[in-house]
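Just so it is clear, none of the values below were taken in a lab; they were calculated from the coordinates. Bear in mind the structure is a predicted one, so any value in this text is a computation, not a measurement. Backbone-built Cβ (ideal geometry, glycine too); neighbour counts: all protein chains shown.
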Amino acid sequence: TTMQQRTVVADKDNVHEFLRNKGDSIGLVIGSRTANTYAILACVPTPAQPGTDEKDNLQNSDTIDEEWVGEHARQVSRMMIGGISILGVYISSPADISEKSLGKMANLITSVSQNITSGNIPLLPAEGKQLILVHASRNKVLYRYMDIKGGFCKPHPSSDLKSEANLHQAFDVSSCSFQVDLAVPLPQAAKDDPDKVRTVLNKAISLLKTNLSQCECYTNGEPSPNAIMNDVPKGRQQHIVDIYSSSQTCGVVPEAAHSPAAMVSLGPGGVHARCALRRREAKARDVEACIKDDIIDSLSRRVDMLYEDLSRTNDLATSFTSTKTHTTRVLVPPRRVFIPWLGGLYVCDYVF
């Protein structure tokens, strides 16, 4: 079956003009998706591999390294806040590389989809995924849908990419400081095994996700179902989201394992989340869902980065300190920091 076709619109300066003036380049397209629309906000060039020039990657389709672009997607997807994600790939080249080498483009799109971190892949119904391939050539900017299902990528016919001036100004930002200190017991078996540490922490996050769905949410001081989102006719709005639980279901500590080797705290001081949604399409329930997803996604990314750091440094065992009564964990996941982007929106990074 053919997947749903959305309207695709791109920011005039950050996408259209960028592609027309960039020259040979390949990279990612970043933006937002709704049930009916893909809104492309910016293009992010993939850096050249060490010892090479960016133009060398686009001499012909054979010089495109889909694994390198996929790795770039993995890194960039970690920087996204709620509501903003990698929507696909762009290629800017005088030669019709994407039109002449659709098989290569399918491999490229598949690699990107496999490397986008959990929570940021543009999911469609359960049968598959859909990304966008944008191609700029000879003063024309085209796009095509690329449907991914069962390891195969099906390209659709290309169409002209429409532009909208100051598209990024049509997005409102919502923020939330969720007070939860998720203390996770680590069994003795995980003491020397980063893989087991990651498994235990991800199970705790999965439990938090289930409990978070039951929490009451307020937007701008009103229960989310009743909150008014579009009462200001012009200008970006800042929404404040508060999440409450009358029964402590959100901050529940998983039952302690027998004689745990350590306790790891995933959220000391709370978890800070933000999301950006297009003003004319966002409802309070969309903001609530987006904020909750961002909380879980950011925790999952912190666990992945902690795992990578432990695997690289091999210092897991030495991170334990023992006393006569218990063992404590001397290990801190990276903290999240927000970075201004596109005149009022945000991306994020993680700092150990």
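A compact table of results
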{"quantity": "Entries of LYS129/LYS191; LYS162/LYS283; LYS162/LYS292; LYS22/LYS283; LYS104/LYS149; LYS209/LYS283 with Cα pairs more than 28 Å apart", "calculated": "LYS129/LYS191; LYS162/LYS292; LYS22/LYS283"}
{"quantity": "Extension reserve of the MET263-ALA35 stretch, reckoned as 0.36 nm per residue once the Cα distance is removed", "calculated": "78.0 nm"}
{"quantity": "Sequence ranges 77-87, 206-216, 139-149, ranked by mean other-Cβ count within 10 angstrom, highest first", "calculated": "77-87, 139-149, 206-216"}
